[in-house]
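Q: Before I ask anything, let me first share the structure, which is written out below as structure tokens.
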Amino acid sequence: MTAEEWGRGDRRRLSTRDFPAEVLALVNAKQGGRFCLLCQEQGLTPPEDQQLVVDHLQPLSKGGDNHWSNLRWLCASHNAARQARAGWSGPPAWVRRIGVSPPW
Ligand SMILES: [Zn+2]
């Protein structure tokens, strides 16, 4: 199976490390790099130790799959907050932790 085909119709809940590197490279190419899209939207720079995770645009629970076209990078804080409250896109938890002044 090629990276372009991988994950189509696949609704298994995987860790980011379970995705083939070739698939993650397609996600990088699609969004223009490996960074948190919500941090970018909000003008934030995550700390160096902030882990990036694969997020599903359409959640697995709502019929989304593991195909690269349904994936994007989020920092772990944005991902956790989004899962806790669907549609949430506010500031990530590390904003409070490192004490930066948010631009909103
Ligand atoms: Zn983020």
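Q: Given H placed 1.01 Å from N in the peptide plane, which residues other than close sequence neighbours of Gly90 have an amide H under 5 Å from its amide H?
A: Amide H neighbours of Gly90: none.
Q: Share of Cα-Cα pairs in the range 9-54 beyond 17 Å, in percent?
A: Of all Cα-Cα pairs in the range 9-54, 42 percent lie more than 17 Å apart.
Q: Okay, next question. Between Arg17 and Leu57, take the C-beta separation as r, use R0 = 22 Å, and let me know the FRET efficiency to the nearest 0.05.
A: It comes out at approximately 0.65.
Q: Oh, and also: With every protein chain kept in place and ligands, DNA and RNA left out, what is the accessible area per residue of the range 16-85? Probe 1.4 Å, answer in Å².
A: 52 Å²
Q: Work from the charge dipole of the range 16-85 (Cβ charges, +1 for Lys and Arg, -1 for Asp and Glu, about the Cα centre) and give the residue of Cys36, Gln58, His78 farthest towards its positive end.
A: Going by the charge dipole, the pick is Gln58.
Q: Using only helices, what value at 222 nm comes out for the chain when you add -39,500 (n - 2.57) per DSSP H run of length 4 or more and divide by the total residues, to the nearest 500 deg cm²/dmol?
A: -8000 deg cm²/dmol
Q: Same structure, new question: Based on the alpha-carbon gyration tensor of the chain, what equivalent-ellipsoid semi-axes (square roots of 5 times the eigenvalues) come out, in whole Å, largest first?
A: 26, 15, 11
Q: Give me the percent of the accessible area of the range 1-73 that comes from carbon and sulfur atoms, probe 1.4 Å, all protein chains in place.
A: Ligands and nucleic acids excluded, carbon and sulfur reach 48 percent.
Q: Want the number for Glu4 to Gln83: 0.36 nm per residue separation, take away the alpha-carbon distance, what's left?
A: Roughly 25.8 nm would be gained on extension.
Q: Next question. Can you give the charge dipole size of the chain about its Cα centre, rounded to the nearest 20 debye, using +1 on the beta carbon of Lys and Arg and -1 on the beta carbon of Asp and Glu?
A: Dipole magnitude for the chain comes out near 380 debye.
Q: How far apart, in nm, are two points set 7 Å out from the Cα along the Cα-to-Cβ line at Ala25 and at Glu48?
A: In this crude spin-label approximation the distance works out to 2.7 nm.
The values are calculated or read from the model by the stated rules, or taken from the named source; none is laboratory data. Here the structure is a predicted model, which is why all the values come from computation and not from measurement. Using ideal geometry, Cβ is built from the backbone for each residue, glycine included, and neighbour counts are taken over all protein chains shown. Just the protein is used for accessible areas: all its heavy atoms, side chains included, with ligands, DNA and RNA removed. Shrake-Rupley method; radii C 1.70, N 1.55, O 1.52, S 1.80 Å.
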